[in-house]
1. Just the Cα atoms of the range 1-91: what Rg and Dmax do they give in Å?
2. Find which of G48, F93, A66 sits farthest along the positive direction of the dipole of the range 9-95, computed with +1 on the beta-carbon of Lys and Arg, -1 on that of Asp and Glu, about the Cα centre.
3. Which net charge results when you count Lys and Arg as +1 and Asp and Glu as -1 among the other residues whose beta-carbon is under 9 Å from that of K22?
4. Between 0 and 90 degrees, rounded to the nearest ten: what's the tilt of helix 67-83 against the longest Cα principal axis of the chain?
5. Which of L12, L73 comes first, and how do the rest follow, when ranked by fewest Cβ neighbours within 10 Å?
6. Fewest Cβ neighbours within 10 Å first, please rank F93, F64 accordingly.
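Quick note: the coordinates plus some simple rules give every number you see, no bench work behind them. Small disclaimer: the values here were computed from a predicted structure and weren't measured. Note that we place each Cβ from the backbone using ideal geometry, even for glycine, and neighbour counts take in every protein chain shown.
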Amino acid sequence: MNCGTKQKAIFLDRDGTVNKEKEFLWKPQDFQFIPGAEKAIKIFNNLGYIVLVITNQSGVARGFYAEEDVIKLHCHISGLLRKQRAVIDAFYFCP
């Protein structure tokens with residue numbers, strides 16, 4: 001840990017903050033951004049913030065979908081944002 005270097009970061013919850021709330025979202029075709037989310041992420045990028053998304057994915061523990069499905073969805077989200085020149089630096093999830 002380097003205590004001498006500071007980096008601005010913002011932590012965003014995924015469901016209900018980045019995307020529209022949908023029970024057990026894991027299919028890319030079901031994903032929809034909340035209006036303004038892409039623009040907000042791009043603003044944070046331009047202000048020099050690291051953007052991190054955190055999410056609880058209980059559907060994995062319940063056997064509704066696999067961790068790989070969550071990762072594929074996050075790759076899909078990243079691809080959509082790239083088209084807008086916006087970046088989520090990392091996704092973290094708890095199954």
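1. Radius of gyration, then largest Cα-Cα span, for the range 1-91: 14.0, 43 Å.
2. G48
3. That works out to -3.
4. So the inclination is approximately 50 degrees.
5. Fewest-to-most ranking of L12, L73: L12, L73.
6. Working: F93 16, F64 13.
Ranked by crowding around the Cβ, least crowded first: F64, F93.
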